[in-house]
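Participant: Structure below; questions to follow.
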Amino acid sequence: MGNEGRAEPQNAVAAEDVAHLLVRCLRAEGVEYVFGIPGEENIRFVDALNDSGIRYVLVRHEQAASFMAEIYGRLTGRAGVCSATLGPGAINLLLGTADAMTNSSPMVALAAQGSLRRIHKESHQVIDLVSMFAPVTQWSARIECPDAVPEMTRKAFKTAQGERPGAVFLAVPEDIEAERTAGPLEPLQIDAVRADAPSPSQIARAAEVLAAARRPVVLAGHGAARAGSSAALVRFAERLNIPVATTFHGKGVFPDDHPNALGAVGFMRHDYGNFGFDAADVLICVGYEIQEFDPVKINPNGDKRILHIHRFPAEVDAHYPVTVGVVSDPSQALDALAAALPEGLTYDSGSSEKIRTLLDEELQYGRDNDAFPLVPQRVVSDVRAALDRHDIVLADTGAGKMWMSRLYPTFEPDTCLVSNGLSTMGFALPGAIAAKLARPDRRVLAMMGDGSFLMNSQELETAARERVPLVVLVLVDEEYGLITWKMELELGRHSHTRFTNPDLVAYAESFGARGHRIEAADQLLPVLRRALDDDGVTVIACPVDYSENLRLTDRLGSLHGPF
């Protein structure tokens, strides 16, 4: 059994306005940052944050605030908080809120609303925010009286940080924000308990399935990373000699330099790691969530036996027929399952070494390739060489994400961050700001295509103003390269994916950041190293040659397994 902690005792406060009460409730939840933009209807809330101990991070677009809250929640396990005014401000929070929900990241989005006296009718800037956020949150509600603030705040964080984390939305009408409480109100005590121990009968059933297996494979998802299951996964793999693959979202929860590592699965085509699943008869899915990628890629016929180990039951899918589900803390479940198997039972780790060799050969190809513009393998290799094992890279959605997700060796959980639930573009720069605030001891790199970068590039000013050191590596091809790749694969041609860029170095410098332009392949690594060791904000514009994309999918299409 675990305990999330308790709220610190609060000094008794007489009647106060809802804005100050809400801020005290946020403090009781351990909130350190609120990301947002103030508006006319939430000025009291923003003012109440002054001298509260909570740092308000003013951003340049509410969408960026929502991404910051998401990544902060993902890295800390505590709900990140973003704030906006009503109407257009709240609407701009929607994308990051949906991203957090589909990526199972704890987040609380707060928005102002028109007064209760006018929300029932057509009114300036008023839309039904609660209904708008309901499909992309676990709970969406409106505060309608001061007395409800402590309960609704506690419910919001309890829900967002629950067994399956996600997003919550609260609307605060402008008249309620200004209203005073009738008397003293206090934040509620935090005393959430989780049932962590696995069911002995389910462990026995799972052990029976696994004991009869010939070629089992483990798939570790982001839920395993959230649960801190890395050590247990290594123990389990070594005890039984079972190969372990991760999802893109779970990269690093099992170290890629371990002898049992299969790498990451989830690529658009049958990749090396998939061959490790082709011959498998039992899949041990630990912390895997179907939204991370379609299980048809690893169980095309729906005939493999599946052990589902997670804090919550599996989604129903024809290609994910769960034989035994163990709802538990994944670490305890893995240890209990290993202990329930006969002593000395081991399996053939099969193609792990061959698959790792193929991935290493691709990285070596990149290291040895001096072509300019750079091949993506060279970019991945240089990023890996520049970053320490525990440093954080955020790979934005696009062709670059595909290369990073499948090829970037990752050794610790949440050190290679992607969006693989909603797979939205533009999260990496604002997310990098939050990552550095959440993990100030880590160096942080946002790796983005030029299309993604210009979606939220204004947050360079936020990083510079807030003195958040980070590096943005912009992969320049003047194209929505992933869409070109997909169109060429499916249609044999592409259209409407090309664009032009400003001078990215001058653009970065106009925000007070440093700018660098890569003009030869051997420049990237030294520039990356200098920038990462700097204490400011740096943008590196690196031309990339994505003609490697189709060569990769052609090569994968000609491979035959199992290895």
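The values are calculated or read from the model by the stated rules, or taken from the named source; none is laboratory data. All values reported here derive from a predicted model rather than from experimental measurement. When we count neighbours, we look across all protein chains shown, and the Cβ atoms used for this are built from the backbone with ideal geometry, even at glycine. To get the accessible areas, we keep the full protein, side chains included, count just its heavy atoms, and leave off ligands, DNA and RNA. Shrake-Rupley method; radii C 1.70, N 1.55, O 1.52, S 1.80 Å.
Conditions (1) closer than 21 Å to His61 by Cα; (2) touching a Phe, Trp or Tyr at 6+ places or on another chain (Cβ under 8 Å); (3) among the polar types (S, T, N, Q), marked per residue:
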position	(1), (2), (3)
Asp441	no, no, no
Met447	yes, no, no
Glu461	yes, yes, no
Leu475	no, no, no
Leu482	no, no, no
Trp485	no, yes, no
Pro502	yes, no, no
Val505	no, no, no
Ala508	yes, no, no
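Participant: Among the residues of segment 456-484, how many are out of contact with any His (no Cβ under 7 Å at 6 or more places or on another chain) and over 19 Å from Val544 (Cα atoms)?
Facilitator: The number of residues fulfilling the criteria is 13.
Participant: For segment 35-57, check the following and say yes or no: at least one residue is of a type in the set (S, T, N, Q), modelled with pLDDT of 95 or more and open to solvent by 70 Å² or more (accessible area, probe 1.4 Å). Full working, then the answer.
Facilitator: Taking segment 35-57 and keeping what is of a type in the set (S, T, N, Q), we get 42, 50, 52.
With the extra rule that they be modelled with pLDDT of 95 or more, the set shrinks to 42, 50, 52.
Next, from what is left, pick out any that are open to solvent by 70 Å² or more (accessible area, probe 1.4 Å): 50.
Yes, some residue in segment 35-57 is of a type in the set (S, T, N, Q), modelled with pLDDT of 95 or more and open to solvent by 70 Å² or more (accessible area, probe 1.4 Å).
Participant: Can you find even one residue in segment 152-164 that is surrounded by fewer than 19 Cβ atoms within 10 Å (Cβ to Cβ), closer than 16 Å to Ala19 by Cβ, of a type in the set (S, T, N, Q) and in contact with a helix residue (DSSP H, G or I) (Cβ under 7 Å, 6 or more places away or on another chain)?
Facilitator: Taking every residue of segment 152-164 in turn, none turns out to be surrounded by fewer than 19 Cβ atoms within 10 Å (Cβ to Cβ), closer than 16 Å to Ala19 by Cβ, of a type in the set (S, T, N, Q) and in contact with a helix residue (DSSP H, G or I) (Cβ under 7 Å, 6 or more places away or on another chain).
Participant: Also, I was wondering about something else. Is there a residue in segment 388-399 that is open to solvent by 10 Å² or more (accessible area, probe 1.4 Å), in contact (Cβ under 8 Å) with a residue 12 or more places away in the chain, in contact with a helix residue (DSSP H, G or I) (Cβ under 7 Å, 6 or more places away or on another chain) and part of a helix (DSSP H, G or I)?
Facilitator: Let us first name the residues in segment 388-399 that are open to solvent by 10 Å² or more (accessible area, probe 1.4 Å), namely 388-390, 397-398.
Going one step further and asking which of them are in contact (Cβ under 8 Å) with a residue 12 or more places away in the chain, we end up with 388-390, 397-398.
Retained after the next criterion (residues that are in contact with a helix residue (DSSP H, G or I) (Cβ under 7 Å, 6 or more places away or on another chain)): 397-398.
Now narrow it down to the ones that are part of a helix (DSSP H, G or I): none.
Checking segment 388-399: not a single residue is open to solvent by 10 Å² or more (accessible area, probe 1.4 Å), in contact (Cβ under 8 Å) with a residue 12 or more places away in the chain, in contact with a helix residue (DSSP H, G or I) (Cβ under 7 Å, 6 or more places away or on another chain) and part of a helix (DSSP H, G or I).
Participant: Would you point out which residue out of Ser423, Ser405 is part of a helix (DSSP H, G or I) and either of a type in the set (Ser, Thr, Tyr) or closer than 12 Å to Phe248 by Cα (or both)?
Facilitator: Working: Ser423 fails: part of a helix (DSSP H, G or I).
Selected residue: Ser405, the only one of Ser423, Ser405 that is part of a helix (DSSP H, G or I) and either of a type in the set (Ser, Thr, Tyr) or closer than 12 Å to Phe248 by Cα (or both).
Participant: Please pick out the residue among Asp278, Asp294, Asp257 that is surrounded by fewer than 22 Cβ atoms within 10 Å (Cβ to Cβ) and free of Cβ contacts under 8 Å to residues at least 60 places away in the same chain.
Facilitator: Asp294
Participant: Of all residues in segment 94-127, how many are in a loop (DSSP other than H, G, I, E, B), hydrophobic (A, V, I, L, M, F, W, C) and in contact (Cβ under 8 Å) with a residue 60 or more places away in the chain?
Facilitator: Result for segment 94-127: 1.
Participant: Listed residues Ser423, Ser419, Ser452; which is on the phi > 0 side of the Ramachandran plot and of a type in the set (Ser, Thr, Tyr)?
Facilitator: Ser423
Let's see how each residue does on (1) among the aliphatic types (A, V, I, L, M); (2) in contact with a helix residue (DSSP H, G or I) (Cβ under 9 Å, 6 or more places away or on another chain); (3) open to solvent by less than 10 Å² (accessible area, probe 1.4 Å):
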position	(1), (2), (3)
Thr497	no, yes, yes
Ala506	yes, no, no
Arg517	no, yes, no
Asp522	no, no, no
Leu525	yes, yes, no
Leu528	yes, yes, yes
Thr538	no, yes, yes
Cys542	no, yes, yes
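Participant: Restricting the search to segment 128-149, which residues are surrounded by fewer than 21 Cβ atoms within 10 Å (Cβ to Cβ), assigned to a helix (DSSP H, G or I) and not β-branched (Val, Ile, Thr)?
Facilitator: Ser131, Met132, Ala134, Pro135, Asp147, Ala148
Participant: For segment 86-121, which positions are at pLDDT below 95 and hydrophobic (A, V, I, L, M, F, W, C)?
Facilitator: Scanning segment 86-121 gives Leu116, Ile119.
Participant: Another question, then. Report, ordered by the first and then the second residue, all pairs with beta carbons closer than 6 Å, sequence separation of six or more or different chains, a first member in segment 41-64 that is closer than 23 Å to Ser457 by Cβ, and a second member that is of a type in the set (A, V, I, L, M) and in a helix (DSSP H, G or I).
Facilitator: That search, which allows pairs on different chains as well, returns Val59/Ala65; Gln63/Leu95.
Participant: Please give the number of the condition Arg142 fails out of (1) over 20 Å from Val286 (Cβ atoms); (2) out of contact with any strand residue (DSSP E or B) (no Cβ under 7 Å at 6 or more places or on another chain); (3) modelled with pLDDT of 95 or more.
Facilitator: Arg142 satisfies every listed condition except (2).
Participant: Let me ask you something else. I'd like to verify a number: residues in segment 21-34 that are in a helix (DSSP H, G or I) and either aromatic (Phe, Trp, Tyr) or buried (at least 19 other Cβ atoms within 10 Å of the Cβ) (or both), how many?
Facilitator: 7
Participant: How many residues are farther than 26 Å from Arg74 by Cβ and touching a residue at least 60 places away in the same chain (Cβ under 8 Å) when one looks only at segment 218-244?
Facilitator: 5
Participant: Can you tell me which residue among Arg443, Arg378, Arg384, Arg439 is of a type in the set (Lys, Arg), buried (at least 24 other Cβ atoms within 10 Å of the Cβ) and more than 22 Å from Thr97 (Cβ to Cβ)?
Facilitator: The unique qualifying residue is Arg378.
Participant: Please state which of the following conditions Met487 fails to meet, knowing it meets all the rest: (1) at pLDDT 95 or above; (2) open to solvent by 30 Å² or more (accessible area, probe 1.4 Å); (3) touching a His at 6+ places or on another chain (Cβ under 8 Å).
Facilitator: Only one criterion in (1) at pLDDT 95 or above; (2) open to solvent by 30 Å² or more (accessible area, probe 1.4 Å); (3) touching a His at 6+ places or on another chain (Cβ under 8 Å) is unmet by Met487, namely (1).
Participant: For residues that are part of a strand (DSSP E or B) and among the β-branched types (Val, Ile, Thr), scanning just segment 293-309, find the one that is nearest to Leu210 (Cα to Cα).
Facilitator: By that ranking, first place goes to Ile306.
Participant: Give the number of residues within segment 256-292 that are small (Gly, Ala, Ser), modelled with pLDDT of 90 or more and assigned to a helix (DSSP H, G or I).
Facilitator: 0
Participant: Just one of (1) touching a residue at least 40 places away in the same chain (Cβ under 8 Å); (2) touching a strand residue (DSSP E or B) at 6+ places or on another chain (Cβ under 7 Å); (3) part of a loop (DSSP other than H, G, I, E, B); (4) open to solvent by 20 Å² or more (accessible area, probe 1.4 Å) trips up Tyr347, so point out which.
Facilitator: If we test Tyr347 against (1) touching a residue at least 40 places away in the same chain (Cβ under 8 Å); (2) touching a strand residue (DSSP E or B) at 6+ places or on another chain (Cβ under 7 Å); (3) part of a loop (DSSP other than H, G, I, E, B); (4) open to solvent by 20 Å² or more (accessible area, probe 1.4 Å), just (4) comes out false.
Participant: Would segment 63-76 turn up any residue that is outside any loop (DSSP other than H, G, I, E, B), surrounded by 24 or more Cβ atoms within 10 Å (Cβ to Cβ), basic (Lys, Arg) and within 23 Å of the chain's Cα centre (by Cα)?
Facilitator: Yes, segment 63-76 contains a residue that is outside any loop (DSSP other than H, G, I, E, B), surrounded by 24 or more Cβ atoms within 10 Å (Cβ to Cβ), basic (Lys, Arg) and within 23 Å of the chain's Cα centre (by Cα).
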